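First the structure, in the form of structure tokens, and then the observations on it.
The values are calculated or read from the model by the stated rules, or taken from the named source; none is laboratory data. Since this is a predicted model, take the numbers as computed values, not measurements. Neighbour counts are summed over all protein chains in view; Cβ atoms, including those assigned to glycine, are modelled from backbone coordinates with ideal geometry. Ligands, DNA and RNA are excluded from the accessible area calculation, which covers all protein heavy atoms including side chains. Shrake-Rupley method; radii C 1.70, N 1.55, O 1.52, S 1.80 Å.
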Amino acid sequence: WKKINVESRSKDELYEMEMTFNEMIDFLKESYEKQEVFVSDASHELKTPISIVKSYAQLLKRRGTGDQELVKESLEAIDSEADRMQKLVEQMLSLAKNKQDREKESVNLTPLVEQTVLTFQKAYDREIQFKRESDECIVQGLPDQLQQVVYILIDNALKYSQGEVEVELSGRDTVIELTVKDYGKGISQKDQNRIFDRFYRVDKARSRDTGGTGLGLAIAKSITEAHHGELTVSSKVGEGTSFLLTLPLSQ
Ligand code: ADP
């Protein structure tokens, strides 16, 4: 911390200092407000699974464990709500972790994307087409975080569509482009502006059923920005959705 001696400053300098100071205040205020919204949204999201777990536990305490059907139903609900809380907490930590400054390294996206595609193909038994322009698509970054972005985009494409999913990796001059395209329900123009917001889900009930938290795309966007890239969406309701991830190519 350095103390500023304002007496020796000219009027212009003082004016400039005032402007800088006000900009800093605005920035801090905005960060603080964002933090407040995040804490309030996070508490809200955690409240539902907590109250479901609690009500099943109370039900079992009241009725005892004689009714096997009820015991089974309660345990399944408690287990799945605990999974949900775990996922929420992991994703919230992941958002915080993205802010850490870690040493970036050269990452070849081709095998990274290919591996992720293969993992999903095996796990979900769904058709995922993978097109690549080259066996080497190198970017500077953190491999685990880049993999997380690819994972989120493919996971969403599979979750929100029934048909084939297409993944394409290509290099253009100074950037690498990854497209993840599906032929699912699509996203309206209005929702396209909000899907990258934390906890935003187009169809809350449906997304909850598929294990959605509304944090995936916020995480993907935050990682992309930390890699000086861009993540955009283009979609038509009833036709499908395409996400485009652009990252600077490492020469
Ligand atoms: P979630 O955990 O709910 O999937 P995301 O942040 O990953 O959260 O996505 C936010 C919302 O954007 C989803 O709830 C869904 O409504 C919508 N969405 C994301 N990807 C797609 C897609 N490929 N097709 C249609 N809707 C999508």
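Residue pairs whose Cβ atoms lie under 6 Å apart, separated by 6 or more positions or on different chains, with the first residue in the range 177-201 and open to solvent by 20 Å² or more (accessible area, probe 1.4 Å) and among the aliphatic types (A, V, I, L, M) and the second modelled with pLDDT under 95 and more than 9 Å from the ligand (Cβ to nearest atom), do not occur. For beta carbons closer than 7 Å, sequence separation of 6+ or different chains, a first residue in the range 129-153 that is charged (D, E, K, R) and a second that is within 16 Å of the ligand (Cβ to nearest atom), the qualifying pairs are K131/E168. Residues in the range 111-134 that are outside any helix (DSSP H, G or I) and open to solvent by 60 Å² or more (accessible area, probe 1.4 Å): D125, E127, Q129, K131, R132, E133. For E225, state whether it is exposed (fewer than 15 other Cβ atoms within 10 Å of the Cβ) and either away from the ligand (no atom under 12 Å from the Cβ) or closer than 13 Å to N156 by Cα (or both). Answer is yes for this residue. Taken over the range 122-153, the residue count meeting the criterion of being out of contact with any strand residue (DSSP E or B) (no Cβ under 6 Å at 6 or more places or on another chain) and within 16 Å of the ligand (Cβ to nearest atom) is 10. The set of residues in the range 163-174 that are of a type in the set (A, V, I, L, M) and open to solvent by 40 Å² or more (accessible area, probe 1.4 Å) is empty. In the set (1) touching a helix residue (DSSP H, G or I) at 6+ places or on another chain (Cβ under 6 Å); (2) open to solvent by less than 60 Å² (accessible area, probe 1.4 Å), the condition left unmet by T65 is number (2).
One residue stands out among those in the range 1-56 that are without any contact (Cβ under 8 Å) to a residue 60 or more places away in the chain and of a type in the set (F, W, Y): the one that is nearest to D209 (Cα to Cα), which is Y56.
Taken as a whole, the range 89-102 holds at least one residue that is modelled with pLDDT under 95 and acidic (D, E).
Looking across the range 209-221, just one residue is more than 8 Å from the ligand (Cβ to nearest atom) and modelled with pLDDT under 95, and that is D209.
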